[in-house]
Amino acid sequence: MGRAVAAALGSLVVPGFGHGVAGRKWPAIIWAVVGLVSIISIVFSIWGIYVSLLVRVACAVDTVRIFKRETARLEWLTVLSGIALVAGAIESSYLGRVVQLFKIPSPSMYPALEIGDHIYVDSLTIDFLPIRRGELITFRYPCQPDRTYVKRIVAVAGDTVEVRCSVLYVNGKAAPSELVDANASYRDHDELADTWSTRAVSLYRETLDGHSYEIFSNSLRPRRDRLRETRDVHDFPDLDSPFAPSCHAPGAYEHGPSAEQPIGKIVETKPVGPDKCDQRMGFVVPQGGLFGLGDNRDNANDSRYWGALSTKAVTGRVVGVFYSSGEHGFDWRRIGAVH
């Protein structure tokens, strides 16, 4: 029985291990291949975590079943134990390289990511696939590099980005958006007081480079879209103080800014006219830089306030939510891929 337990534990780490110990060559190979595919799938799908876990449990159970009918050879157990240890170390190294786990502490990425969501990110593909507009990424916050932020990239190097009356413009064109709910709301958390409150917003669906996602905007935006009569305090660049934001601004931040942050510039996009919501000036994303916004546009600390982030600071692409514990505890409905 002791050998059966040892082999089953080995199968949890390396699928096929127990079957190899029992001398079942082809089942061992099949389980090993299935286990490898399930590990690789973690990079591409949030469900890869659960599939990988299920494969290992099923393999361990099947190992116990086999050991009830067959006796393992001691020499096989010794050899394959060593192989399992090596394979387990390689697998752990792989997972540590391609997967990172984070908990969302703020409402800046509502509605895609909520307070209490636990996400994992793919740190492998950023080495050979360039970041595109519309993607959710994690990165070292340029004003405090020891902190990790998550934002949606809306502009890349060479782009001109502008926000007027809550409308996002990239290279002079408004990002396609449609009103989903003019009377939406979300629950915000005050960490100091440990209290929850409701905030009124409008919900829009925005699209960039084929990526379609929902954003929270100002509750007045539906009226502003119709009348175009007032500016939004979160518009960018600020017409009253047109300077290129960066973490290097004197006295702007308590912590030392990252030396790798590229600095953008402000350019005029259109002369001043009677329409308060028309384009005026934009921010040119510098070479080696990206421009990120929070999906909760009126409650996010993003590139509008601290400038571009370096492509070298990117740590991964957000794959999905694997666990969520918000205001009311565990919420299985939040588990899944994010857009």
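The values are calculated or read from the model by the stated rules, or taken from the named source; none is laboratory data. Values in this document were obtained by computation on a predicted structure and should not be read as measured data. Reconstructed Cβ throughout: ideal geometry from the backbone, glycine too, with neighbour counts over all protein chains shown.
Among the residues of the range 130-146, those identified as in a loop (DSSP other than H, G, I, E, B) and on the phi < 0 side of the Ramachandran plot are Pro130, Ile131, Arg132, Arg133, Glu135, Tyr141, Pro142, Cys143, Gln144, Pro145, Asp146.
Only residues that are farther than 17 Å from Ile104 by Cβ and not charged (D, E, K, R) were counted across the range 119-155, and they come to 16. Only one of the numbered conditions (1) within 29 Å of Pro145 (Cβ to Cβ); (2) at pLDDT below 95; (3) in contact with a helix residue (DSSP H, G or I) (Cβ under 8 Å, 6 or more places away or on another chain); (4) of a type outside the set (A, V, I, L, M) is violated by Asn218, and that is (1). Here Tyr169 passes the criteria (1) more than 24 Å from Ile104 (Cβ to Cβ); (2) exposed (fewer than 13 other Cβ atoms within 10 Å of the Cβ); (3) of a type in the set (Ser, Thr, Tyr) except the one numbered (2).
How many residues are in contact (Cβ under 8 Å) with a residue 12 or more places away in the chain, over 11 Å from Met281 (Cα atoms) and among the aliphatic types (A, V, I, L, M) if we restrict to the range 228-242? Residues flagged as in contact (Cβ under 8 Å) with a residue 12 or more places away in the chain, over 11 Å from Met281 (Cα atoms) and among the aliphatic types (A, V, I, L, M) within the range 228-242 amount to 0.
Among the residues of the range 124-153, those that are among the hydrophobic types (A, V, I, L, M, F, W, C), crowded, with 21+ Cβ neighbours inside 10 Å and under 14 Å from the mean Cα position of the chain (by Cα) comprise Leu136, Ile137, Phe139, Val150, Ile153. Of everything in the range 100-120 that is part of a strand (DSSP E or B) and either among the polar types (S, T, N, Q) or surrounded by fewer than 20 Cβ atoms within 10 Å (Cβ to Cβ) (or both), the residue that is modelled with the lowest pLDDT is Gln100.
Scan the range 1-57 residue by residue and report those that are among the polar types (S, T, N, Q) and either in a loop (DSSP other than H, G, I, E, B) or more than 30 Å from Asp117 (Cβ to Cβ) (or both). Even if it seems obvious, please write down each step before you answer.
Start the filter on the range 1-57 by keeping residues that are among the polar types (S, T, N, Q), which leaves 11, 38, 41, 45, 52.
Answer for the range 1-57, where residues must be among the polar types (S, T, N, Q) and either in a loop (DSSP other than H, G, I, E, B) or more than 30 Å from Asp117 (Cβ to Cβ) (or both): Ser11, Ser45.
Checking each residue in the range 221-237 for being assigned to a loop (DSSP other than H, G, I, E, B) and either within 22 Å of Arg152 (Cβ to Cβ) or not assigned by TED's automatic domain parsing to the domain that holds Val167 (or both) picks out Asp232, Val233, His234, Asp235, Pro237.
May I ask you to verify whether Gly158 is modelled with pLDDT under 95, small (Gly, Ala, Ser) and either buried (at least 20 other Cβ atoms within 10 Å of the Cβ) or farther than 23 Å from Glu327 by Cβ (or both)? For Gly158, the condition - modelled with pLDDT under 95, small (Gly, Ala, Ser) and either buried (at least 20 other Cβ atoms within 10 Å of the Cβ) or farther than 23 Å from Glu327 by Cβ (or both) - is not met.
Candidates Tyr169, Tyr149: the one that is outside any loop (DSSP other than H, G, I, E, B), farther than 17 Å from Arg317 by Cβ and either in contact with a Ser or Thr (Cβ under 8 Å, 6 or more places away or on another chain) or modelled with pLDDT of 95 or more (or both) is Tyr169.
Taking the options Arg228, Arg224, name whichever one is surrounded by 13 or more Cβ atoms within 10 Å (Cβ to Cβ) and modelled with pLDDT of 80 or more.
On inspection, the qualifying residue turns out to be Arg224.
Among the residues of the range 169-190, those that are under 30 Å from Val285 (Cα atoms) and of a type in the set (Gly, Ala, Ser) comprise Gly172, Ala174, Ala175, Ser177.
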